[in-house]
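Colleague: Let me give you the structure first, and then I'll get to my questions.
The values are calculated or read from the model by the stated rules, or taken from the named source; none is laboratory data. What you are looking at is a predicted structure, and each value in this text was computed from that prediction instead of being measured. Note that each Cβ is placed from the backbone with ideal geometry, even for glycine, and that neighbours are counted across all protein chains shown. For accessibility, only protein heavy atoms count, side chains too; no ligands or nucleic acids. Shrake-Rupley method; radii C 1.70, N 1.55, O 1.52, S 1.80 Å.
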Amino acid sequence: MAGLGALALAAFCFWVCGFALHVGGIGLVSDLPGLEGLAWEWASPLNLDWGVLGLRGFLLLDDAATPIAYTLYLAFLPPLAVAVLLPILTLRERMPSWMVAVAGLLLASLVYPAVANWFSGGGWLMHIGQTLDLGHGYVDQTGLSTAAFVGGLAALLGIVILGRRLPPLPEGEVPTLPPVHLPVLAVLGAILMVVGGMGLVGANPIHTIAGAVTPRTAVNLILAAAGGALLPSLYTWFTTGAADSLMAARGLAAGVLSVAAALSFIPPWAALALGAAAGLLVPLVTFLVQHVLRMEDPTAAVPVCLTGGLVGILAAGVFSDGRLGQGWNGIGAESYLGVARQGVTGFFPAPGLAPDWPGQINAQLVGMAAIAALTVILVGALFLVMKVLLTLWRSVPPPEEAD
């Protein structure tokens, strides 16, 4: 019920106001027919490149009632749902249902739409390649890496502020892997994440028309998923004597997230390496969270989504090879760094292209810091208020005890 409620809340809030806050200014950066009316961005009056929120398209009416706008709603909804699902599923047993709904409402209506506007809706992170001379600006092709980062960070804030510490292990007891419930469903869900990722890549007409979707995109996704499943399987087989299906499924999901931001921009060897690294981090971070820090994270939001999203954001600044992304965020449509037809590039460019170091990684770091700051301020403040309300509520004795 929590999952269904989160998905319904995400779809509803994105329709009411999230879509407008996200892409209400996208007409300023895209010349696709049907987006001309979505050109109102709340920005600095001195420079429109410092936009922070869109202001057109509420309820998908008027300027947003076009086929291309409806397509963007469908393309941008899945990342929003990821950002909302993670904290709701993680915190559903820690506070009353209405508080969980309020947290999801804030994420779906304001936090993630604002963040998404910054890097894909016409906002300021798209323009830091021009305003701050940082690469091609902040890059996240699908939005999934950033959504996982936001949702995972929100879940971590809830665990820290509202959660309870696990009791210490009895003396002499050896730490164990999390129990596996319905392993077939866990593996099926991970596989469906790969299928959904492929659909999401081609769902955005802006990227499709720009030529950012190629067969290499699908190859990278599959290799990252394979690496993400393989490493935790080998690790758990080595440490326990048997491969763990839950760790493999979670590693596969983390592998997908580790390449989602730069899916078309990295070479296949990098996709495999990133997926393997993210997959290996899953059991290691799970041990850190559960047995070292003694925090309760039943949905693995921290080891899978927060860690996978973080790797994905940084990967765009390190492993992008420059073969694709010409003109991304308005940078280098004809040439970049003195090289004709060079696209988004990190530390490892393709032969004949120039490295963009530390320009692109700095763009990713600036974006990640700004996104983390907004999430911590808004979501952290909400959870602190809820913590106070819960403390006051639990301190009031029942009526019969008061009498």
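Colleague: Quick one: plug the Kirkwood hydrodynamic radius of the range 122-223 (C-alpha pairs) into Stokes-Einstein at 20 °C, 1.002 mPa s, and report D in µm²/s.
Modeller: Details: Rh = 18.0 Å.
Here the translational diffusion coefficient equals 119 µm²/s.
Colleague: What does the accessible area per residue of the chain come to in Å², with a 1.4 Å probe and no ligands, DNA or RNA counted?
Modeller: Values: 17090 Å² over 403 residues.
I get 42 Å² per residue for the chain.
Colleague: So if R0 is 22 Å, what FRET efficiency would L365 and D133 give, r being the distance between their Cβ atoms, rounded to the nearest 0.05? Mind dumping the intermediate values first?
Modeller: Numbers: r = 14 Å, r/R0 = 0.65.
About 0.95, to the nearest 0.05.
Colleague: Where in the range 294-324 is the amide nitrogen less than 19 Å from a point lying 7 Å along the Cα-to-Cβ axis of R165?
Modeller: Correct set: 294-298.
Colleague: For the range 72-183, max minus min Cα coordinate along each principal axis, in Å, sorted largest first?
Modeller: Principal extents (Cα only, largest first): 58, 33, 30 Å.
Colleague: With a 1.4 Å probe and every protein chain left in place, tell me how much accessible area D49 has, in Å² to the nearest 10.
Modeller: Taking all protein chains as shown, D49 has close to 50 Å².
Colleague: Still on this structure, please answer the following. At a Förster radius of 30 Å, what calculated FRET efficiency corresponds to the Cβ-Cβ distance of W42 and A333, to the nearest 0.05? Before the final figure, lay out the partial values.
Modeller: Numbers: r = 27 Å, r/R0 = 0.90.
Computed FRET efficiency for W42 and A333 comes out at 0.65.
Colleague: Order the peptides 363-372, 335-344, 301-310 from the highest to the lowest mean number of other Cβ atoms within 10 Å of their residues.
Modeller: Details: 363-372: 20.3, 335-344: 18.1, 301-310: 27.9.
Packing order, densest peptide first, comes out as 301-310, 363-372, 335-344.
Colleague: Classify the range 297-389: rounded, prolate or oblate, from the alpha-carbon gyration tensor (a ≥ b ≥ c, eigenvalue square roots; a/c under 1.5 rounded; otherwise prolate if a/b is larger than b/c)? All intermediate terms of the calculation are to be shown ahead of the outcome.
Modeller: Values: a/c = 3.98, a/b = 2.47, b/c = 1.61.
Cα axes put the range 297-389 in the prolate bin.
Colleague: Checking understanding here: applying a Kyte-Doolittle mean of at least 0.5 and a length along the axis of at least 30 Å (C-alpha), which whole DSSP H helices in the chain pass? Before the final figure, lay out each step's value.
Modeller: Working: long enough: 67-91 (37 Å, 1.90); 215-240 (38 Å, 0.83); 359-395 (53 Å, 1.60).
Membrane-span-like by this rule: 67-91, 215-240, 359-395.
Colleague: Give me the one-decimal nm value for the distance between modelled label points at L389 and R294, 7 Å along each residue's Cα-to-Cβ direction.
Modeller: Using points 7 Å along Cα→Cβ, the separation is 3.0 nm.
Colleague: For a label point 7 angstrom out from the Cα of M1 toward its Cβ, which stretches of the range 87-104 have the backbone nitrogen within less than 18 Å?
Modeller: Taking a point 7 Å out along Cα→Cβ of M1, the residues of the range 87-104 whose backbone N falls under 18 Å are 88-104.
Colleague: Ok, one more. What is the Cα centroid distance between the range 283-349 and the range 1-44, reported in whole angstrom?
Modeller: 24 Å
Colleague: Could you give the distance between the Cα centres of the range 47-111 and the range 216-265, to the whole Å?
Modeller: Cα centroid of the range 47-111 versus Cα centroid of the range 216-265: 28 Å apart.
Colleague: Each residue of the range 163-170 in turn: what ³J(HN,Hα) in whole Hz from Karplus with 6.51, -1.76, 1.60 and θ = phi - 60°, glycine and Pro shown as x?
Modeller: x, 10, 6, 5, x, x, 5, x
Colleague: Also, quick follow-up: Grab the Cα-Cα distance for V102 and A372, subtract it from 0.36 nm times how many residues apart they are, and report the gain in nm with one decimal.
Modeller: Working: separation 270, 0.36 × 270 = 97.20 nm, distance 1.98 nm.
Stretched fully, the V102-A372 segment lengthens by 95.2 nm.
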